[in-house]
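Engineer: My structure is below; once you've seen it, I'll send some questions.
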Amino acid sequence: RTFTVQIQNPGVAFRHFDLVIPPRHDNCTGTNVFPTRGALHRVTAQRLAAEAARFAPALAHLPRPLVAVLIGGSNKIYRLTPQILHDLADKLAAMSRATGAGLAITLSRRSGADAEAVLRDKLADVPNVIWDGEGDNPYFAYLGLADHIVVTADSVSMVSEACSTGKPVYVVELEGGSQKFKRFHDGLRADGITREF
């Protein structure tokens, strides 16, 4: 007998499925509904350990604590404005100077063409590595090697992946938002899993 599982809210009656697995912030209920706290993802302890070992030599020159910075960008819900980006870069630089932290930064395709240039300019005098999109993606290595994680609010998946590491996670607020995203972020903060950066 076929057992049908729907990942995410199907947008149709749940009775058509044996099991529906939506994120908790979708507010779905039913006898066959099993909500998750965030997005399902590919992060495992084994994957993080393997990627951390592979990329560790490239980050060995950075001081500890090491802060992974995961920057998304504008989408239909949020906007990563130039002002927010400049403010984030200033805060990262100030944090590094105050704590001696090294920064391992990765941007998404949605970050915008100028984002990398802004970060390189404003973080020039603090220890950092900014992945330029060339070669193997160090995303999982950054999650594995980090002592702390800073992540922008625009992606449920990216925030969920950061939280799954069990490390302190700080969320960067962007312009915009929605009730669904607000429920997601409010829930994580209420549970002590994230804090505002």
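The values are calculated or read from the model by the stated rules, or taken from the named source; none is laboratory data. Treat the numbers as computed from the prediction; the structure is a model and nothing was measured. Counting neighbours? That spans all protein chains shown, and the Cβs are built from the backbone with ideal geometry, glycine included. Areas reflect the complete protein model, heavy atoms only, side chains present, ligands, DNA and RNA absent. Shrake-Rupley method; radii C 1.70, N 1.55, O 1.52, S 1.80 Å.
Engineer: Ignoring ligands and nucleic acids, what accessible area does Arg24 show with a 1.4 Å probe (Å², nearest 10)?
Structural biologist: 110
Engineer: Just add up the charged neighbours of Val126: K/R +1, D/E -1, any other residue whose Cβ is under 13 Å from the Cβ of Val126.
Structural biologist: Result for the local shell: +1.
Engineer: Under a crude label model (7 Å from the Cα following the beta-carbon direction), how far is Ile77 from Arg110 in nanometres?
Structural biologist: 0.8
Engineer: Which residue, Phe181, Phe17, Phe140, has the most motion in a Gaussian network model of the chain that connects Cα atoms within less than 10 Å?
Structural biologist: Of Phe181, Phe17, Phe140, the Gaussian network model singles out Phe17 as fluctuating most.
Engineer: Next question, about the same structure. Give me the net charge for the shell around Arg79: Cβ to Cβ below 15 angstrom, other residues only, Lys and Arg +1, Asp and Glu -1. Mind dumping the intermediate values first?
Structural biologist: On the way: positive: Lys76, Arg110; negative: Asp87, Asp114, Asp154, Glu173, Glu175.
Residues near Arg79 contribute -3 overall.
Engineer: Now a separate question. Considering only protein heavy atoms and a 1.4 Å probe, what is the carbon-and-sulfur percentage of the accessible area of segment 1-146? Walk me through the intermediate numbers first.
Structural biologist: Details: 4280 of 8060 Å².
Carbon plus sulfur share of accessible area: 53 percent.
Engineer: Now for a different question. Whole Å is fine, so just give me how far the alpha carbon centre of segment 75-101 lies from that of segment 132-147.
Structural biologist: 19
Engineer: Tally Lys and Arg at +1 and Asp and Glu at -1 over the other residues with C-beta under 13 Å from the C-beta of Ser164: what net charge comes out?
Structural biologist: Numbers: positive: Arg37, Arg42, Arg47, Lys167; negative: Glu161.
Result for the local shell: +3.
Engineer: So, one more: Accessible area, 1.4 Å probe, largest first: how do Thr152, Thr165 sort?
Structural biologist: Values: Thr152 0, Thr165 30 Å².
Putting Thr152, Thr165 in descending order of accessible area: Thr165, Thr152.
Engineer: Give me the angle, in degrees from 0 to 90, between the Cα long axis of helix 45-59 and the longest principal axis of the Cα atoms of the chain, rounded to the nearest 10.
Structural biologist: Around 20 degrees separate the two axes.
Engineer: Something else about it: Bins of 10 Å, beginning at zero and ending with the bin holding the largest distance: percent of Cα pairs per bin for segment 1-118, please.
Structural biologist: Histogram of Cα-Cα distances, whole percents per bin: 11, 25, 27, 22, 13, 2, 0.
Engineer: If you restrict to DSSP beta bridges whose two residues both lie in the chain, what percentage is antiparallel, to the nearest 5?
Structural biologist: Percentage antiparallel, nearest 5: 5.
Engineer: Using Cα pairs under 8 angstrom and six or more residues apart, how large is the relative contact order of segment 73-197, in percent? Present the calculation step by step, with values, prior to reporting the outcome.
Structural biologist: On the way: 146 pairs, mean separation 32.8, N = 125.
Rounded, it is 26 percent for segment 73-197.
Engineer: So between Gln179 and Lys167, what do we pick up on full extension, going 0.36 nm a residue minus the alpha carbon distance?
Structural biologist: Details: separation 12, 0.36 × 12 = 4.32 nm, distance 2.62 nm.
Roughly 1.7 nm would be gained on extension.
Engineer: Calculate for the chain the 222 nm mean residue ellipticity that helices alone would give, adding -39,500 (n - 2.57) per DSSP H run of length 4 or more and normalising by residue count, nearest 500 deg cm²/dmol.
Structural biologist: Working: 6 runs with 68 residues, N = 197.
The per-residue figure over the chain is -10500 deg cm²/dmol.
Engineer: Can you check how the C-alpha radius of gyration of the chain compares to 2.2 N^0.38 Å, as a plain ratio? Mind showing how you got there, number by number?
Structural biologist: On the way: Rg = 18.1 Å, N = 197, 2.2 N^0.38 = 16.4 Å.
It is 1.11.
Engineer: Next question, about the same structure. Quick one: among Gly177, Gly133, Gly38, which has the greatest mean-square fluctuation in a GNM of the chain with alpha-carbon springs under 10 angstrom?
Structural biologist: Among Gly177, Gly133, Gly38, the largest GNM mean-square fluctuation belongs to Gly133.
Engineer: Shifting gears a bit: Roughly how tilted is helix 179-190, in degrees to the nearest 10 and between 0 and 90, from the longest Cα axis of the chain?
Structural biologist: Taking the Cα atoms of the chain, the angle to 179-190 is about 70 degrees.
Engineer: Got a number for the accessible area of Glu51? Probe 1.4 Å, square angstrom, nearest 10.
Structural biologist: Counting only protein heavy atoms, the figure is 40 Å².
Engineer: Please report the relative contact order for segment 47-140, taking Cα pairs under 8 Å with a sequence separation of at least 6, and give it as a percent rounded to a whole number. Please list the in-between numbers first.
Structural biologist: Numbers: 111 pairs, mean separation 34.4, N = 94.
Rounded, it is 37 percent for segment 47-140.
Engineer: Any idea of Met158's accessible area? Nearest 10 Å², probe 1.4 Å.
Structural biologist: 20
Engineer: Using heavy-atom solvent-accessible surface (probe 1.4 Å) with all chains present, what is the largest-first order of His61, His185? Provide the component values of the computation, followed by the final result.
Structural biologist: Numbers: His61 125, His185 5 Å².
Sorted descending by solvent-accessible area, the residues read His61, His185.
Engineer: Return one quarter of the surface area of the convex hull spanned by the alpha-carbon atoms of segment 9-73, equal to its mean projected area, in nm². Intermediate values should be presented prior to the final figure.
Structural biologist: Values: hull surface 29.4 nm².
So the Cα hull casts an average projection of 7.4 nm².
Engineer: Report the semi-axes of the equivalent ellipsoid for segment 63-148 in whole Å, largest first, where each axis is √(5λ) for an eigenvalue λ of the Cα gyration tensor. Let's see the in-between values first.
Structural biologist: Working: eigenvalues 78, 52, 26 Å².
In descending order the semi-axes read 20, 16, 11 Å.
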